[in-house]
Amino acid sequence: MADTRFFRKKEALSLAEIAAVAEVILPTNADPEQLFFDVASLNEAKADQISWAFIPSVRDDLKKTKAGAVIVPEKFVSLVPQGCLALVSKDAHRSYGLLAQAFYPRVFEAGISPRAVVDETAVIGEGSRIEAGAVIGAHVKLGARTWVGANAVIEENVQMGDECTIGANATVSHCLAGNKVYIYPGAQIGQDGFGFAMSAKGPVKVPQLGRVIIEDDVEIGSCTTVDRGAIGDTIIGAGTRIDNLVQVAHNVKLGKCCVIVSQVGIAGSCSFGDFVVAGGQVGFAGHLNIGSGAQIAAQSGLMNDVPAGAVMMGSPAMPRMDYMRQVLALKNLTVKKDGKPQFSWKIFFYNLLHKKGTK
């Protein structure tokens, strides 16, 4: 269970409230008025707490849990021990997330620290909190119940909607953001893109004259950078999640509900459809079109457009099955027989040519 020194918890929820919030189906013998007081892991949960299980690796823990109720998919119901209520969900992970949000809501005390610097022309929404050291520039507009962390900087004319969070030491400029946008500590939003023209006299700076548009319910991780557009805007679609240490270059357009994992680099003017997933350390060359629903495996290098729904791997990236065939072919070139390397004409000629090329 969470340490309440750091997290504010709701006292209790009834089963009826839990069913409504978490989108679960109660068993027929359940008492809708029964109260539960927290969420906890399968191994730690007690009789007045709720746990969850949705992956095969936790089946043994599920059979032994002491939780009073557990959120499970239909196929796990038979594993729930006697005396524990099975709360059936079509998506147990999602249901747990909704329930955890209900037990640990976003709560803070409104107010502006006397050590914050807020321009007299800025508009701060009702119920907002501005921490010490934060700087709010001229003509900034922040919606209701927005939380600005310590030493964060929101530069002039930025607009953000309701229930936004700007973490400590983050900087936001040249940005229009919707509701429930969460910018984590240290993120840098709206700075100059990497824009210059090469010439015989050296690089010439090209002014970056666009903005960053962030739609509703977006999260941008710690120390991630989102550059403003050069001409036109950089756009982050609604529901998108961007992890820590990601580079989003100028004029990139991310569709709805994209997931971009840590250390991804997206070069300028790439356009993503909806629900694109990019694993850690993927690199995208500039001006690519990535179709909706595409999945890019970790450490892949993208140099060409990707059709909708494609699964890509490798560097340079290629369709998953093509990549796996290449891996298998390479493995077969080095296979051992009876404990000794098997002779291969391919390896023989490769070594021969390689030696000649190094003389």
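The values are calculated or read from the model by the stated rules, or taken from the named source; none is laboratory data. This structure is a prediction, so every number in the text was calculated from the model and none was measured. Because the Cβ atoms are built from the backbone with ideal geometry, glycine has one as well, and the counts that use them run over all protein chains shown. With ligands, DNA and RNA removed, areas are computed over all heavy atoms of the protein, side chains included. Shrake-Rupley method; radii C 1.70, N 1.55, O 1.52, S 1.80 Å.
Counting only protein heavy atoms and a probe of 1.4 Å, the accessible surface of segment 195-267 is 63% carbon and sulfur.
The residues of segment 80-203 expose on average 51 square angstrom of accessible surface per residue, using a 1.4 Å probe on protein heavy atoms. Surface composition of segment 271-328: carbon and sulfur atoms hold 57% of the protein heavy-atom accessible area at a 1.4 Å probe.
Exceedance of the 24 Å cut-off in Cα-Cα distance is limited, within the set Lys10/Lys75; Lys180/Lys256; Lys141/Lys180; Lys90/Lys256; Lys9/Lys66; Lys90/Lys253, to Lys10/Lys75; Lys90/Lys253. When you count the other C-beta atoms within 10 angstrom of each residue and take the mean per peptide, 177-189, 126-138 line up highest first as 177-189, 126-138.
Prolate is the label for segment 24-160. Its Cα gyration tensor axes, ordered a ≥ b ≥ c, give a/c of at least 1.5 and a/b above b/c. Considering only Gly68, Gly195, Gly268, the mean-square fluctuation computed in a Gaussian network model of the chain, springs between alpha carbons under 10 angstrom, is largest for Gly68.
Between Ala16 and Ser271, the distance separating the two model label sites (each 7 Å from Cα on the Cα→Cβ line) works out to 5.1 nm.
Work out how much length Glu126 to His139 would gain on full extension: take 0.36 nm times their residue separation and subtract the Cα-Cα distance, in nm to one decimal. Don't skip to the end; give the middle numbers.
Details: separation 13, 0.36 × 13 = 4.68 nm, distance 1.63 nm.
Contour length minus the Cα-Cα distance gives 3.0 nm.
Annotation: amide H of Ile235 within the under-5 Å range of Ile213, Val252, Lys253, Leu254, sequence separation 5 or more or interchain, hydrogens built in the peptide plane.
For a quick protection proxy, order the peptides 238-245, 115-122 by their average other-Cβ count within 10 Å, most packed first. Walk me through the numbers before you get to the answer.
On the way: 238-245: 19.5, 115-122: 14.0.
In decreasing order of mean packing, 238-245, 115-122 become 238-245, 115-122.
Relative contact order of the chain, taken over Cα pairs closer than 8 Å and 6 or more residues apart, is 6 percent. Here's how it looks for Cys257: its modeled amide H is under 5 Å from those of Ala238, Gly239, Thr240, Phe275, which are all 5 or more places away or on a different chain.
The accessible surface of segment 1-86, taken with every protein chain in place and a 1.4 Å probe, is 53 percent carbon and sulfur. Using bins 10 angstrom wide from zero, how does P(r) for the chain break down, in % of all Cα pairs? Reading the bins upward from 0: 5, 19, 20, 23, 18, 9, 5, 1, 0. For the residues Thr234, Thr28, Thr225, a GNM of the chain with alpha-carbon springs under 10 Å puts the largest fluctuation on Thr28. The separation of segment 239-312 from segment 185-216, counted between C-alpha centres, amounts to 19 Å.
Gap in Å between the Cα centre of segment 6-75 and the Cα centre of segment 76-122? Spelled out, the Cα-based centre of one part sits 14 Å from the other.
Phi angles across segment 120-137 convert, under the Karplus curve 6.51 cos²θ - 1.76 cosθ + 1.60 with θ = phi - 60°, into 3J(HN,Hα) values of 5, 8, 6, 10, 10, x, 4, x, 8, 10, 10, 7, 4, x, 5, 10, 10, x Hz, Gly and Pro given as x.
Comparing mean-square fluctuations of Leu209, Leu142, Leu302 from a GNM of the chain with C-alpha springs under 10 Å, the top value falls on Leu209.
Distances between placed amide hydrogens fall under 5 Å for Ser128 paired with Gly111, Arg145, Thr146, all partners being 5 or more residues away or on another chain.
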